[in-house]
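Enquirer: This is the structure I want to talk about, given as structure tokens.
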């Protein structure tokens, strides 16, 4: 782990689901005092999520967050009116998927109604609409065999794209990951702390100066070298580890009382 020196500006980059947000009920109360402490000390927090821009914009006010953010697994960085695209436009992805529809059984978000997406995900209508508002990726509900999925993934790679297996969906996106945006966020003398809990966070943890693995509530353990690990899960684990890091770097306590 490359620990920050006191002369360096700290930047925190965080996953959302299962990290800042509780995996089951999406609560985040435990992180608020830490965010106040960071805000009072001029430490930005960049959310780096698989979610869409619309999904994060709908909730970021609850966190009091106005910092840049990264969406769709490292596909784009939004910083005010400025957008840095690292992935592939969705229109291009859909065009490359067209000839594969006759060879494999799958249904994408682009083929689905909002009602379909609600059924697939368990989301309410507004949330499903925000999830569908994609610009750099296409989630697929796979209906074929595992062998066929391997064949499909190879063909996708040959077309200059990549696949990412989530819990429910097979995501097709450009050749990017959550680690790539950190190169662009690393401006001047900055030490980056990154927090995440799942395989799609690994590239981000490796690109950071301090990588933090947040414990999950299931039996899954993210294999990663040279990282810190929380004992608590989700936002409690996030608060636990960020408190430890801020204390170690002698960052003053927040003056805001959440009691």
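Enquirer: Taking the Cα atoms only, what angle lies between the long axis of helix 53-63 and the longest principal axis of the chain, rounded to 10 degrees?
Expert: Helix 53-63 and the main axis of the chain meet at about 20 degrees.
Enquirer: Hey, another quick one. Relative contact order for segment 90-174 using alpha-carbon pairs under 8 Å, separation at least 6, rounded to a whole percent?
Expert: Reported as a whole number, the value is 34 percent.
Enquirer: If you don't mind, another one. With springs only between Cα atoms under 10 Å, which of 174, 74, 108 fluctuates most in a Gaussian network model of the chain?
Expert: Result: 108 has the largest fluctuation of those listed.
Enquirer: Counting other C-beta atoms within 10 Å, which of 106, 69, 220 has the fewest, and how do the rest follow?
Expert: 220, 106, 69
Enquirer: Roughly how tilted is helix 146-158, in degrees to the nearest 10 and between 0 and 90, from the longest Cα axis of the chain?
Expert: Helix 146-158 sits roughly 80 degrees off the main axis of the chain.
Enquirer: Treat the count of other C-beta atoms within 10 Å as a stand-in for reagent exposure and order 182, 228 from fewest to most.
Expert: 228, 182
Enquirer: I've got another one for you. For segment 90-174, what's the radius of gyration and Dmax over Cα atoms, in angstrom?
Expert: For segment 90-174, the Cα radius of gyration and maximum Cα-Cα distance read 12.5, 36 Å.
Enquirer: Any chance you could give the angle, 0 to 90 degrees and rounded to 10, that helix 234-248 forms with the longest Cα principal axis of the chain?
Expert: 40 degrees
Enquirer: Calculated from the structure, mean projected area of the Cα convex hull in nm² equals which of [x] 17.1; [y] 14.4; [z] 15.3?
Expert: Computed from these coordinates, mean projected area of the Cα convex hull in nm² corresponds to label [y].
Enquirer: Per the helix-only calculation at 222 nm, which mean residue ellipticity applies to the chain, given -39500 (n - 2.57) for every DSSP H run of n ≥ 4 and division by its residues, nearest 500 deg cm²/dmol?
Expert: Calculated mean residue ellipticity at 222 nm is -9500 deg cm²/dmol.
Enquirer: Neighbouring Cβ atoms within 10 Å as the yardstick, rank 164, 20, 195 fewest first.
Expert: 164, 20, 195
Enquirer: I've got another one for you. When the chain is modelled as a GNM with alpha-carbon springs shorter than 10 Å, which of 226, 197, 177 fluctuates the most?
Expert: The residue that fluctuates most here is 226.
Enquirer: Next question. Assuming a ≥ b ≥ c are the square roots of the Cα gyration tensor eigenvalues, decide whether segment 68-107 counts as rounded (a/c under 1.5), prolate (otherwise, with a/b larger than b/c) or oblate.
Expert: Because a/c hits 1.5 or more and a/b exceeds b/c, segment 68-107 counts as prolate.
Enquirer: Using the basic label-point model (7 angstrom from Cα toward the beta carbon), what is the residue 102 to residue 26 distance in nanometres?
Expert: Taking the two extended label points, one gets 4.1 nm.
Enquirer: Something else: What distance in nm separates the simple spin-label points at residue 82 and residue 244, each placed 7 Å from Cα in the Cβ direction?
Expert: Label-label distance for residue 82 and residue 244, simple model: 3.4 nm.
The numbers here are math on the coordinates, done by the rules we state, and not lab data. The structure presented is a predicted model; accordingly, all values stated were derived computationally and were not measured. Methodologically, a virtual Cβ is constructed for each residue, glycine included, from the backbone with ideal geometry; neighbour enumeration extends over all protein chains shown.
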